[in-house]
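What follows is a single structure, written as structure tokens, with notes after it.
Nothing in this text is a laboratory measurement; each read-out follows from the coordinates by a stated rule. Just so you know, these numbers come straight off a predicted model, no measurement behind them. Neighbour counts run over all protein chains shown; Cβ positions are idealised from the backbone, glycine included.
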Amino acid sequence: MTNWHWLKYIDFTGVAQQITLGTLKVSALWPYVGISCAVLLVTIVSSAWLLQRKEL
């Protein structure tokens, strides 16, 4: 409906299932790894910033 093709890379459980079933090729895995690392980095930085602000 909105044509947000990048949104499919946020589906972590679907990717895990595709890896288990062997339907996802290794070459198609890199966008998922990149998005996962980006989400992890944003989460760590945000948590550190929020903890720092809370202590002040």
Note to self: Running a GNM on the chain with Cα contacts under 10 Å, which residue among Val45, Val33, Val15 ends up with the highest mean-square fluctuation?
What the structure shows: Val45
Margin query: From the gyration tensor of the Cα coordinates in the chain, what semi-axes in whole Å does the equivalent ellipsoid have, largest first, with each one equal to sqrt(5λ)?
Written below: 30, 14, 9
Next item on the list: Using only Cα atoms, tell me the angle between helix 12-21 and the longest principal axis of the chain; keep it within 0 to 90° and round to the nearest 10.
Entry: 30 degrees
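Per-residue ellipticity at 222 nm for the chain, helices alone: DSSP H runs ≥ 4 residues times -39500 (n - 2.57), over residue total, nearest 500 deg cm²/dmol?
-22000 deg cm²/dmol
Given a Förster distance of 25 angstrom, what is the FRET efficiency for Leu24 paired with Ala48, based on the Cβ-Cβ distance and rounded to 0.05?
Numbers: r = 33 Å, r/R0 = 1.30.
For Leu24 and Ala48, the calculated efficiency is 0.15.
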Note to self: Tell me the angle of helix 30-55 to the major Cα principal axis of the chain, expressed in degrees between 0 and 90 and rounded to the nearest ten.
What the structure shows: 10 degrees
